[in-house]
Structure formats: C-alpha cells, structure tokens
Amino acid sequence: MTADELDRLIRDRSGVRVLDAQDDLFYLYDPAADLPPERQQPFATIVTGDHYEQVSRLDEPGAWRLNLGLTKATYTSLFSTPPTERDADWVLDSGHDYAARDTLMPHPFYASQYWVAIVSPTDLDPLLPLITDAYDFAARKYANHESRLAH
C-alpha cells in the first residue's frame, strides 16, 4: 500500500476535507467546509517527513506514517492504558520502537489522547476498521457540536 492509495481511500469518505502542509495530509470531518480554525481537529493524518519530530525516522526512503485518533474504547482494546511518561524530547514512553515499520503502535506524542500510528503500513485490511472508527468518531463529534449550536 502507498500513501497515495490510503489518501484516496480516506478523502473519498463523505464530509472529509483535506488540509495539506509540507506534503503532510490532515483529514477533517467538515461536511459544510466551514469549521473555524479552533475546531479543525483532524481524525487522521498522513505524515511524509520529519517536519515535526524525528523519532519515526520518516526521512528514510519510502517512510511515511498514518496517524488515527480513535475512541478511548478502541484505543484501550488495542493497547490498554495510554502512556503518560515522556522523555526529554516529549516522546511518550510506550515501550514501542516508533521507527518500526508496518507495526500499529501508540502515537509517539498523542497516545494520551488515544491516537495510534503505523509507519509504512503494507496491508490495508487491518487498518480499515480503525480508519472507520476514527472517521465515525469525528462525525459524531461534529454532529454533537452542531446539535449544541441548534439549541
């Protein structure tokens, strides 16, 4: 699987808007394309380089990382309690090698918010339910916010 293939799969979902920064992609659930900046929280990202950190070694040829913001229930079913201890570079200590390829793991910085990451995944099938979980969670948060505004 390539980052381009995964990009097409995520962006083709209803209500998804994609922001691009430094060739990294940020997927928002924003069906009206009118979320104010303070509400623009992605549910998934594809990061293609070491623009924000070096722990995943995305500067290596062919390396890229999918990140997904999951529900607490889904995250804890995969990894139990999220890590909270950070090293001097603010990387969470999860016991995982964040540069390992094709291995689902807690996100190096956002696992405490129930994010997961996988560097250079090869098989889409195990990721599909997680992408759906992240997308559905984002859609529920959007609907809840819209409902609160209507009242």
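Run down 47, 16 and say which single residue is touching a residue at least 60 places away in the same chain (Cβ under 8 Å) and surrounded by 14 or more Cβ atoms within 10 Å (Cβ to Cβ). Full working, then the answer.
On the way: 47 fails: touching a residue at least 60 places away in the same chain (Cβ under 8 Å).
Just one listed residue meets the conditions, 16.
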Next on the checklist: Quick test of your reading of the structure: residue 49 fulfils all but one of (1) under 23 Å from residue 93 (Cα atoms); (2) assigned to a helix (DSSP H, G or I); (3) modelled with pLDDT under 95. Name the failing condition by number.
Outcome noted: (2)
Checklist entry - Does the range 85-113 hold any residues that are under 12 Å from residue 56 (Cα atoms) and of a type in the set (A, V, I, L, M), and which are they? => result 91, 99, 100, 105
Checklist entry - Given the conditions (1) in contact (Cβ under 8 Å) with a residue 12 or more places away in the chain; (2) under 24 Å from residue 141 (Cα atoms); (3) β-branched (Val, Ile, Thr); (4) not in a helix (DSSP H, G or I), and given that residue 81 satisfies all but one, which numbered condition is not satisfied? => result (1)
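Going by what's in this entry, would residue 65 be described as charged (D, E, K, R) and within 13 Å of the chain's Cα centre (by Cα)? Quick ask: steps written out before the conclusion?
Details: charged (D, E, K, R): yes; within 13 Å of the chain's Cα centre (by Cα): yes.
Yes, satisfied.
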Checklist entry - Which condition does residue 31 not pass, out of (1) at pLDDT 95 or above; (2) touching a Leu at 6+ places or on another chain (Cβ under 8 Å); (3) surrounded by 14 or more Cβ atoms within 10 Å (Cβ to Cβ), if it passes all the others? => result (2)
Item to check | Subset of the range 15-29 [part of a strand (DSSP E or B) and either closer than 22 Å to residue 139 by Cβ or of a type in the set (Val, Ile, Thr) (or both)] | outcome: 16, 17, 18, 19, 20, 25, 26, 27, 28, 29
Checklist entry - Taking the range 119-147 only, how many residues are of a type in the set (Val, Ile, Thr) and either assigned to a helix (DSSP H, G or I) or touching a Pro at 6+ places or on another chain (Cβ under 9 Å) (or both)? => result 2
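Each row is one residue, and each column tells you yes or no for (1) among the basic types (Lys, Arg); (2) within 25 Å of residue 14 (Cα to Cα); (3) modelled with pLDDT of 95 or more.
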site: 87; (1), (2), (3): no, no, no
site: 111; (1), (2), (3): no, no, yes
site: 130; (1), (2), (3): no, yes, yes
site: 150; (1), (2), (3): no, yes, no
Checklist outcome for this item: Log entry, pairs with first residue in the range 100-111 being surrounded by fewer than 19 Cβ atoms within 10 Å (Cβ to Cβ), second being hydroxyl-bearing (Ser, Thr, Tyr), beta carbons closer than 8 Å, six or more apart or on different chains, reads 101/120; 102/120; 102/122
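The values are calculated or read from the model by the stated rules, or taken from the named source; none is laboratory data. Keep in mind it's a predicted model, so treat the numbers as computed, not measured. Every residue, glycine as well, gets a Cβ built from its backbone with ideal geometry; the counts of neighbours run over all protein chains shown.
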